[in-house]
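What follows is one structure encoded as structure tokens, with my remarks underneath.
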Amino acid sequence: MPLFEYIATNQKGETIKGTLDAVDRSVALSSLSNQNLKPIAVHEADGKKGSFSLGDFFGKNKVKADDLVMFTRQLSAMVSAGVPILRALTSQHDHTESTVLKVVIAGVMKDIENGSTLADALAKSPNSFSDVYVNMVRAGEAAGILDDILKRLALQQENNAAIRKKVKSAMAYPVVLMSITVLAFFGLMIFIIPQIGGIVKGLGGPDAQLPALTLFMLGLSSFIIHYWWLIIPGIIGGIILTMRYIKTPTGKMLFHRLVLKIPGLKVIVMKLAIARFARTFSALMGAGVAVIEALNVTARAVGNGVYEKALIEAADEVKKGKNLSAIIEKNTLFPAIVSQMLAVGEETGQTETILVKVADFYEEEVDVAIDGVSALIEPVMIVIMGAMVGLIAASVMLPISGLANQIKS
């Protein structure tokens, strides 16, 4: 959970500095008010920005995608029926089963009661409501079509959630296979290799010359057995440090560049980023958001730092009067069909409609790409497991074969 630093005054007028844990800034402000403190400044501690925690890793401090979709759809229905926004939020707060969402809604309600717009109140919970969500709500409030915008948001979130579920489902199988492979390796190293090594040494005697492969496997087995207390924390620590580094701007960009160079995975990431770009940009354009603002917001929603940088640069070019289709056409990150469809949209004034078709096309392509990669994973993992077993078998058979030749001679 994020850590917030605050400066506040108490009932005696004394200035107090301190820290507190809260889901977001609005909850931190509410907590200070409950302590009869008047906040002067509240901000997230620098040491916590981009940090990693087990709660964040398991998603305990975030609103689940399904809960957010349901919240948006129900809020849209109530607003369409003419229910005042504060009353609609109160109903959502009282009936939601999500503890995190309940806390977030409470903060939003408090801000609205204090005179904030819905968009400004949502913006104070960036972990729950993305820039895309907030900007579309803001555009809907300005144009008086909040109910329609919320419907668009719910549909968009459902599509994004469906894609995430497909990706997670495709990743589940290789993760299970990899886990089994790692467990099998350590099981063989800890329980089987020492036994076989003892048998081989017993047959060959203390002066027996064992092959280099056998000596290596025996040495590796001995190291794992004697230093498991160092290996396991090392692996866990390495994973945590890697996750923390990936959350930093430099690490995030490096990771995203690396992903775009991995065969198979590159295709999925590119098509997924393009689908997100097309659907998010079309939704923002449909909500009446200006092109440059829509590009900047979309850049933060594509989920890949390389594409984010490309779209921000495209926004700068659009400011200079260039057409977005011409800019996209020169960028190798985007296939030719994207720039061609954009050009048609710019000519006909139907950019929003055409981009929805692009998003639909690439979401289907993501499904095909995921199925293709999933089909390749099983044989690759079988080869890896076979190679591991073959290596162990060779380390056993080589000394036995050598001993048999010595006996014959």
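Give Lys252, Lys201, Lys266 a once-over and let me know the one that is surrounded by 15 or more Cβ atoms within 10 Å (Cβ to Cβ), within 30 Å of Glu363 (Cβ to Cβ) and not acidic (Asp, Glu). Don't jump to the end; show me each part of the working.
On the way: Lys201 fails: within 30 Å of Glu363 (Cβ to Cβ); Lys266 fails: surrounded by 15 or more Cβ atoms within 10 Å (Cβ to Cβ).
Matching residue, one of Lys252, Lys201, Lys266: Lys252.
When you go through Ile190, Ile196, Ile235 one by one, which is the residue that is of a type outside the set (Gly, Ala, Ser) and more than 20 Å from Ala394 (Cα to Cα)? Steps first, please.
On the way: Ile190 fails: more than 20 Å from Ala394 (Cα to Cα); Ile196 fails: more than 20 Å from Ala394 (Cα to Cα).
Testing whether each residue is of a type outside the set (Gly, Ala, Ser) and more than 20 Å from Ala394 (Cα to Cα) leaves just Ile235.
Filter the stretch 196-246 down to residues that are charged (D, E, K, R) and either in contact with a helix residue (DSSP H, G or I) (Cβ under 6 Å, 6 or more places away or on another chain) or touching a residue at least 24 places away in the same chain (Cβ under 8 Å) (or both), then give me how many there are.
Filtering the stretch 196-246 down to residues charged (D, E, K, R) leaves 201, 207, 244.
Then drop every residue that is not either in contact with a helix residue (DSSP H, G or I) (Cβ under 6 Å, 6 or more places away or on another chain) or touching a residue at least 24 places away in the same chain (Cβ under 8 Å) (or both), which leaves 244.
Residues in the stretch 196-246 being charged (D, E, K, R) and either in contact with a helix residue (DSSP H, G or I) (Cβ under 6 Å, 6 or more places away or on another chain) or touching a residue at least 24 places away in the same chain (Cβ under 8 Å) (or both): 1 in total.
In the stretch 92-120, what count of residues is obtained for those that are exposed (fewer than 15 other Cβ atoms within 10 Å of the Cβ) and of a type in the set (Ser, Thr, Tyr)?
We begin by selecting, within the stretch 92-120, every residue exposed (fewer than 15 other Cβ atoms within 10 Å of the Cβ); these are 94-95, 97, 99, 113-115.
Add one more test, that the residue is of a type in the set (Ser, Thr, Tyr), and what stays is 99.
Of the residues in the stretch 92-120, 1 are exposed (fewer than 15 other Cβ atoms within 10 Å of the Cβ) and of a type in the set (Ser, Thr, Tyr).
Is it the case that some residue within the stretch 307-327 is over 26 Å from Arg257 (Cβ atoms) and hydrophobic (A, V, I, L, M, F, W, C)?
No: the stretch 307-327 contains no residue that is over 26 Å from Arg257 (Cβ atoms) and hydrophobic (A, V, I, L, M, F, W, C).
Name, by its number, the condition in (1) buried (at least 17 other Cβ atoms within 10 Å of the Cβ); (2) in the same structural domain as Ala375 (by TED's automatic domain parsing) that does not hold for Leu153.
Going through (1) buried (at least 17 other Cβ atoms within 10 Å of the Cβ); (2) in the same structural domain as Ala375 (by TED's automatic domain parsing) one by one, Leu153 breaks only (2).
Could you list all residues from the stretch 334-357 that are within 19 Å of Ile163 (Cβ to Cβ) and either touching a Leu at 6+ places or on another chain (Cβ under 8 Å) or not in a helix (DSSP H, G or I) (or both)?
Phe334, Pro335, Leu355, listed by residue number.
Considering only the stretch 98-147, how many residues are part of a helix (DSSP H, G or I) and either within 28 Å of the chain's Cα centre (by Cα) or farther than 19 Å from Gly286 by Cβ (or both)? Full working, then the answer.
The first filter runs over the stretch 98-147 and keeps only residues part of a helix (DSSP H, G or I), leaving 99-113, 118-123, 131-143, 146-147.
Restricting the remaining residues to those that are either within 28 Å of the chain's Cα centre (by Cα) or farther than 19 Å from Gly286 by Cβ (or both) gives 99-113, 118-123, 131-140.
Looking only at that region, the number is 31.
Only one of Leu391, Leu355, Leu342 is more than 16 Å from Ala275 (Cβ to Cβ) and either surrounded by 12 or more Cβ atoms within 10 Å (Cβ to Cβ) or of a type in the set (D, E, K, R) (or both); which? Write out each step before concluding.
On the way: Leu355 fails: more than 16 Å from Ala275 (Cβ to Cβ); Leu342 fails: more than 16 Å from Ala275 (Cβ to Cβ).
Exactly one residue qualifies, and that residue is Leu391.
Can you name the residue in the stretch 251-306 that is free of Cβ contacts under 8 Å to residues at least 40 places away in the same chain, closer than 25 Å to Glu158 by Cα and outside any helix (DSSP H, G or I) and is also nearest to the chain's Cα centre (by Cα) among such residues?
Checking each candidate, the answer is Gly303.
State yes or no: is Ala294 under 13 Å from Ala273 (Cα atoms) and crowded, with 18+ Cβ neighbours inside 10 Å?
Values: under 13 Å from Ala273 (Cα atoms): no; crowded, with 18+ Cβ neighbours inside 10 Å: yes.
Spelling it out, it is not the case that Ala294 is under 13 Å from Ala273 (Cα atoms) and crowded, with 18+ Cβ neighbours inside 10 Å.
Could you tell me whether Pro335 is of a type outside the set (A, V, I, L, M), at pLDDT 90 or above and either surrounded by 18 or more Cβ atoms within 10 Å (Cβ to Cβ) or out of contact with any Lys or Arg (no Cβ under 8 Å at 6 or more places or on another chain) (or both)? Lay out the reasoning, then the answer.
Numbers: of a type outside the set (A, V, I, L, M): yes; at pLDDT 90 or above: yes; either surrounded by 18 or more Cβ atoms within 10 Å (Cβ to Cβ) or out of contact with any Lys or Arg (no Cβ under 8 Å at 6 or more places or on another chain) (or both): yes.
Answer is yes for this residue.
Please find, among Leu260, Leu272, Leu284, the residue that is modelled with pLDDT of 90 or more and in contact with a helix residue (DSSP H, G or I) (Cβ under 9 Å, 6 or more places away or on another chain).
On the way: Leu272 fails: modelled with pLDDT of 90 or more; Leu284 fails: modelled with pLDDT of 90 or more.
Result of the check over Leu260, Leu272, Leu284: Leu260.
Let me confirm something: among Gly349, Gly345, Gly372, Gly390, which residue is under 23 Å from Val175 (Cβ atoms), assigned by TED's automatic domain parsing to the domain that holds Ile262 and not charged (D, E, K, R)?
Details: Gly349 fails: under 23 Å from Val175 (Cβ atoms); Gly345 fails: under 23 Å from Val175 (Cβ atoms); Gly390 fails: under 23 Å from Val175 (Cβ atoms).
The conditions single out Gly372.
Can we say Ile190 is loosely packed, with under 15 Cβ neighbours inside 10 Å and in contact with a helix residue (DSSP H, G or I) (Cβ under 8 Å, 6 or more places away or on another chain)?
On the way: loosely packed, with under 15 Cβ neighbours inside 10 Å: yes; in contact with a helix residue (DSSP H, G or I) (Cβ under 8 Å, 6 or more places away or on another chain): yes.
Yes: the conditions hold for Ile190.
The values are calculated or read from the model by the stated rules, or taken from the named source; none is laboratory data. Keep in mind that this is a model prediction, so the values were computed, not measured. Cβ coordinates were reconstructed from backbone atoms using ideal geometry, including for glycine residues, and neighbour counts include every protein chain displayed.
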